[in-house]
Amino acid sequence: LVCTFQGFALRSSQDLSLGSFSSRLFRDGRFPPKSLQNCFRNVGVMKILLIADPHIPVPPSHYGGAERIVALYAQEFQRLGHTVHLMAGPGSRSFGGRLVVHRAPSLAYPSRARRKIQFQLQSLWAAQDCDVVYSHGRFDYLQMLLVFDKPLMHRFANPIDQHQIDFAERRMRSRAMF
């Protein structure tokens with residue numbers, strides 16, 4: 001598990017190997033997109049699943065910073081020769097691979113619970129033949145992928161604390177489904 005947020009990256013106790021790239025702990029500073037591009041440039045052709053929240057399509061037509069970042073990564077990975085699968089909201093476009101559409105829940109609890117379970121199943125199906133998953137969505141929706149040891153990178157758009165990192169590592173070790 002590689003977590004990135006605002007120029008900071010950390011690795012769980014498990015090692016993530018992507019060909020010649022092995023994740024490292026960058027507590028001193030940076031994990032710039034250029035270094036991520038270099039990592040993916042040197043590993044050969046990969047199948048990459050990008051995950052975005054379902055509220056705004058990828059690429060966005062107007063507002064949507066995170067969705068725009070997902071689209072830029074998808075374009076760059078595609079340019080480097082990788083197969084890019086995308087799991088995003090309605091109105092999103094394919095970047096050469098599969099497009100899996102997932103929908104945002106309403107504010108009602110039953111809708112949120114149903115969408116979370118549905119997302120778990122959809123993400124397992126979407127990731128089944130992928131080499132790595134790069135998520136820009138909600139971390140708590142990735143539990144099934146953590147259980148099945150799918151190489152996973154997650155971008156936190158906001159700072160996280162050690163408590164949240166410890167929680168993620170415990171989930172990975174426990175094999176808990178929900």
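The values are calculated or read from the model by the stated rules, or taken from the named source; none is laboratory data. As the structure is a computational prediction, the values presented were derived from the model and not from experiment. A quick note on method: Cβ atoms are made from the backbone with ideal geometry, for glycine too, and the neighbour counts reach across all protein chains shown. These area figures cover heavy atoms from the full protein model, side chains too; ligands, DNA and RNA do not enter into them. Shrake-Rupley method; radii C 1.70, N 1.55, O 1.52, S 1.80 Å.
Ligands, DNA and RNA excluded, the heavy atoms of residue 56 present near 40 Å² of accessible surface to a 1.4 Å solvent probe.
What FRET efficiency do you get for residue 169 and residue 94 if R0 is 35 Å and r is their Cβ-Cβ distance, rounded to the nearest 0.05? In this case the efficiency is close to 0.55.
So if each residue of separation counts as 0.36 nm, and I subtract the Cα-Cα distance between residue 158 and residue 108, what length gain in nm does that give? Show your work: numbers first, answer last.
Details: separation 50, 0.36 × 50 = 18.00 nm, distance 2.51 nm.
Additional length available on full extension: 15.5 nm.
Count neighbours as other Cβ atoms within 10 Å of each site's Cβ, and list the trypsin sites (Lys or Arg not before Pro) in the range 40-121 that are DSSP loop with at most 15 such neighbours. Walk me through the intermediate numbers first.
Numbers: sites: 41, 47, 68, 79, 93, 98, 103, 112, 114, 115, 116; in loops: 93, 98, 103.
Here the trypsin sites (Lys or Arg not before Pro) that fit, given the DSSP loop and packing criteria, are 93, 103.
Note on the range 73-178: Cα Rg divided by 2.2 N^0.38 Å, N the number of residues, gives 1.12. Rolled with a 1.4 Å probe across the full set of protein chains, the surface gives residue 140 an accessible area near 70 Å².
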